[in-house]
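Comments concern the structure below.
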Amino acid sequence: MVNAKVFDTVSEIAQSRAMTDFLAQIPDGMIVVVASQDQAAANLGERTVAGLHSIGGQVNPRQDCGRSHAVIGVKGAAAGNGIERWNRASSFSSVGRNPDERTLAAAVSSVIIEKK
């Protein structure tokens, strides 16, 4: 990981500006992952949405700010070229294909047993 930052755009409009500045300073060609949930889009400004589009996002999350939103993209990509999910059903978004087609109540990817 090169850098990570959390922005509380629900509580403060200034956090939207900080997110805009953060997205703007990312060099072209860098992989960027953005995730939000619930009301995170309520205070996003037009420039912040443009920043999300600059990494390949296409959705304007302000259209329905009660959805969770996830984007994996590349800085400098055209809008719509990233992998993006926008979900109202829950505050959980996933990006990509689930390799396990079964309906699961829980999943475990690994278990480590150590002798003490």
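Side notes on the structure shown:
- Stretching the chain fully between ALA14 and ASN60 yields a gain of 14.7 nm (0.36 nm per residue, less the alpha carbon separation).
- With the highest mean first, a sort of the peptides 59-67, 20-28, 36-44 on other beta-carbon atoms found within 10 angstrom per residue produces 36-44, 59-67, 20-28.
- Looking at region 13-87, the DSSP beta bridges with both ends there are about 90 percent antiparallel.
- Cβ-defined net charge surrounding ARG47, 13 Å radius [Lys, Arg +1; Asp, Glu -1]: 0
Only the coordinates and a few stated rules stand behind these numbers; no lab work does. Predicted model only: the values in this text are computed from it and were never measured. Glycine also receives a Cβ, built like all others from the backbone with ideal geometry; neighbour counts cover every protein chain displayed.
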